[in-house]
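Asks: What follows is a single structure, and I will ask about it in a moment.
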Amino acid sequence: MDFSAYVAERRPRLVRTAVLLGCPRADAEDIVQSALLKCYRSWRKVVRADHPDAYVHRVLVTTLYDARKRRWNGELPTEELPESPTADPQWAEGLAVRRALAAMSVDHREVLVLRYFADLSERETALALGVAPGTVKSRTSRALAALAPLVEATDAH
């Protein structure tokens, strides 16, 4: 697959992955752009990899790590939202998922997003995170156990 076709097909999903990893939408666009630029520079290496999607997700995760180390945007959470939320149930479900993910540790959030949203295998997730496959299995198990009470708490509201 050539680079343009890859970006056209996967860019929206990569942006959504970055958002689910805790990045605001505008920053997620920038992070994905930077990650794809890095991949473009070594595209031949990416397509020759055993798991090109895992390779790109690894670049995305490391680019996100680097961005978090570099800057603080000065935003602080608030109890009151500036606008009332819409009545769209999909919007509410998405908000509930983002809140539950935000309440989790970074390790748990990353493994759940890469495994279940980005749909990477355990091996591909391990490659993307730079950890052993067994670590992915144990983190996934602990993350799902940690997620259950967060989802129940969201359902109670």
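Asks: Between ASP50 and GLU79, 0.36 nm times their residue separation minus their Cα-Cα distance comes to what?
Replies: 5.9 nm
Asks: If you don't mind, there's one more thing I want to ask. Provide the FRET efficiency to the nearest 0.05 for the LYS69-ARG16 pair, computing r from the beta carbons and using R0 = 22 Å.
Replies: Calculated transfer efficiency: 0.45.
Asks: Explain nothing, just compute: Karplus ³J(HN,Hα) = 6.51 cos²θ - 1.76 cosθ + 1.60, θ = phi - 60°, for every residue of segment 18-33 in order, whole Hz, x for Gly and Pro.
Replies: Using θ = phi - 60°, the values come out as 4, 5, 5, 7, x, 9, x, 3, 5, 5, 4, 4, 5, 4, 5, 4 Hz.
Here, each number is a calculation from the coordinates, and none is a lab measurement. This structure is a prediction, so every number in the text was calculated from the model and none was measured. For neighbour counting, all protein chains shown are included, and Cβ atoms are generated from backbone atoms with ideal geometry for every residue, glycine included.
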